[in-house]
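Enquirer: What follows is a structure written as structure tokens; I'll ask about it next.
Bear in mind these aren't lab numbers, they're just calculated from the coordinates by the rules spelled out. Keep in mind it's a predicted model, so treat the numbers as computed, not measured. So basically every Cβ, Gly included, is an ideal-geometry build from the backbone, and we count neighbours across all protein chains shown.
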Amino acid sequence: MARIAIASDHAGFQLKTELTTWLEAGGHEVTDLGPSTGERVDYSDYGYDLAEHIALGQSQYGIAICGSGIGISIAVNRHPGCRCALVSEPVAARLSREHNDANVIALGARLVEVDTAKACVQAFLTTDFARGRHVLRVEKLGAPPGLTTTEQRR
């Protein structure tokens, strides 16, 4: 079973709670990074905390949730040790792991039903990174080259 960290803002609080219960019932070790209530909070604070937690290796995977999933995914992706993919259906969740070695997925609580969110998380957790031709591409995500044009990067 996986070690998973989960965080949200107030809009994602209910989905975070439901996913946490479901994941724990499935035998996963879940670290809930907050918030602990549905009171208004800033998604960026929780996204940054989740990113640091993942980058330090305290959990294998992360789940970030806000109203749309956009804001918290941007916050997580500010950390060079994180590759967070905003997903809304299981194929994207699978491909985020298979092709991009994503270590965090983001979900929009106002846009994704609970059962779809669970299917996305299941696909994410059960898919391995394909490696091969994807390795160099993923390495570049963590350390982008300092060149300015696409032609120079080739």
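Enquirer: Of GLU89, GLU39, GLU113, which is the most mobile in a GNM of the chain whose springs link Cα atoms less than 10 angstrom apart?
Expert: GLU39
Enquirer: So the label point goes 7 Å from the Cα of GLU18 along Cα→C-beta, right? Which residues of the range 101-130 then have their backbone N under 19 Å from it?
Expert: Flagged as within label range: 105-125.
Enquirer: Excluding GLU39 itself, what net charge comes from residues whose Cβ is under 15 Å from its Cβ, given Lys and Arg +1 and Asp and Glu -1?
Expert: Net local charge, GLU39 excluded: -1.
Enquirer: Something else: Residue farthest toward the positive end of the dipole of the chain, with Cβ of Lys/Arg at +1 and Asp/Glu at -1: which of ILE6, LEU23, ILE54?
Expert: Value computed over the given set: ILE54.
Enquirer: Sequence-distant or interchain residues sharing an amide H contact under 5 Å with ALA106, placed H: which?
Expert: ALA64, ALA85, LEU86, VAL87
Enquirer: Hey, another quick one. If we count other beta carbons within 10 Å of each Cβ, what is the order of VAL138, VAL87, fewest first?
Expert: VAL138, VAL87
Enquirer: List, in order, the whole-Hz ³J(HN,Hα) value for each residue of the range 29-42 obtained from phi through the Karplus relation with A = 6.51, B = -1.76, C = 1.60 and θ = phi - 60°; use x for Gly and Pro.
Expert: So the Karplus estimates, Gly and Pro as x, are 8, 10, 9, 8, 8, x, x, 9, 9, x, 5, 4, 9, 9 Hz.
Enquirer: To continue, here is another question. With Cβ to Cβ distances under 9 Å as the rule, what net charge do the other residues near THR126 carry (K, R +1; D, E -1)?
Expert: After counting each charged neighbour, the total is +1.
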